[in-house]
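The structure appears below as C-alpha cells.
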Amino acid sequence: YQTLSPYGSWYQVPSYGWVWQPSVVTVNAGWSPYCQGGRWVWSDWGWYWSSEYSWGWAPFHYGRWSTYPGLGWCWVPGTVWGPSWVTWRNHGSYVGWAPLPPYCGWSSSVGLTWYGSGVSVGFGFGLASSSYTFVSYGNFGHRNVSHHALRHDHAATVYNNSTVVNNVINGNNNTIINHGVGYDIVAANSRSEIPKAR
C-alpha cells in the first residue's frame, strides 16, 4: 500500500474493499489498463505486459482491474503473479484484450475461475466492448499500441464479430502462462517485430 501511494490514491469501496487508482486516471479520462504506458512482449509465460510506469510491477501482474462508479478504473489487489491478467478476443483482422474483473480467479487444478467455478476457453466474464482495446494484428507489436486502438464505435462492431480466447494455462512449477491469441498468428500478421523476453 505504501509503495503505490505516491503514484495514486487508495479508496475503500463496498464491492471490493481497498482499491487503488493511479493518478494517470484523473489526468487522462481515456486511460485504461493494459493499453497506455506499456507494450506486449512474448515471454516464457506467454503475453507479458511490459509497463513503462514505475508502479507497473504490481497492478499489471497481481490483482484485477475494474471500473467503479464515480472513480473510473481502479486496481483490486491480489497475491498471485501472472504475466498479464487479461482476456482476449480474436477477429479476422483485429486482436482485442480486456482486464480480467475482480471475481475472476485462478486455480492450479482448473485454471481461470469465475466466482470460484472453472470457465471454458470461450467464457466472456460479462465484459462489454467498452472494456476491450482492439488493434489490428499489424499494430499489436507497436511500442505505443494505444495510438492504434480502434475508436469505441468501431471497436463495438469488431467485438460483435469476434470470439473469446481464454488460453491461460498452468505451466511447470505452477507458473501461469497467458498464450492469448497465440504468438504465431500475431507474428505472421504484425508489421513490426514482436519483442521477446525470458
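Observations
- Stokes-Einstein translational diffusion, the chain - Kirkwood Rh over all Cα pairs, 1.002 mPa s, 20 °C, in µm²/s: 126
- Both radii come from the Cα set of the range 8-111: Rg as radius of gyration, Rh as Kirkwood radius; their ratio Rg/Rh reads 0.96.
- GNM on the chain, alpha-carbon springs under 10 angstrom: the most fluctuating residue among Gly141, Gly182, Gly82 is Gly182.
- Of the solvent-accessible surface of the range 130-186, computed with a 1.4 Å probe and all protein chains present, 44% belongs to carbon and sulfur.
- Carbon/sulfur fraction of accessible area - the range 20-99, other protein chains in place, 1.4 Å, %: 53
- Global form of the range 1-57, assessed from the alpha-carbon gyration tensor, a/c cut-off 1.5: prolate
- Thr67 sits with roughly 80 Å² accessible to a 1.4 Å probe, with DNA, RNA and ligands left out of the calculation.
- For Leu71, the accessible area of its heavy atoms, probed at 1.4 Å with every protein chain present, is near 50 square angstrom.
- Structure remark: mean-square fluctuation, Gaussian network model of the chain, C-alpha springs under 10 Å; the largest value among Ala98, Ala156, Ala188 belongs to Ala188.
- Put simply, the C-alpha atoms of the range 72-155 give a gyration tensor, and the ellipsoid matching it has half-axes of 25, 14, 13 Å, longest first.
- The range 80-198 - percent relative contact order, Cα under 8 Å, separation 6 or more: 31
- Among Gln12, Gln36, Gln21, residue whose mean-square fluctuation peaks in a GNM of the chain (springs only between Cα atoms under 10 Å): Gln12
- Accessible surface, per residue, of the chain when the full set of protein chains is kept, probe 1.4 Å, Å²: 48
- When peptides 22-29, 74-81 are ranked by their average number of other Cβ atoms within 10 Å per residue, the highest-first order is 74-81, 22-29.
The values are calculated or read from the model by the stated rules, or taken from the named source; none is laboratory data. If you're wondering where the values come from, they're calculated on a predicted model, not measured in any experiment. All Cβ positions, glycine included, derive from the backbone under ideal geometry; neighbour counts span all protein chains shown. Remember, those area values only see protein heavy atoms, side chains included, never the ligands or the DNA or RNA. Shrake-Rupley method; radii C 1.70, N 1.55, O 1.52, S 1.80 Å.
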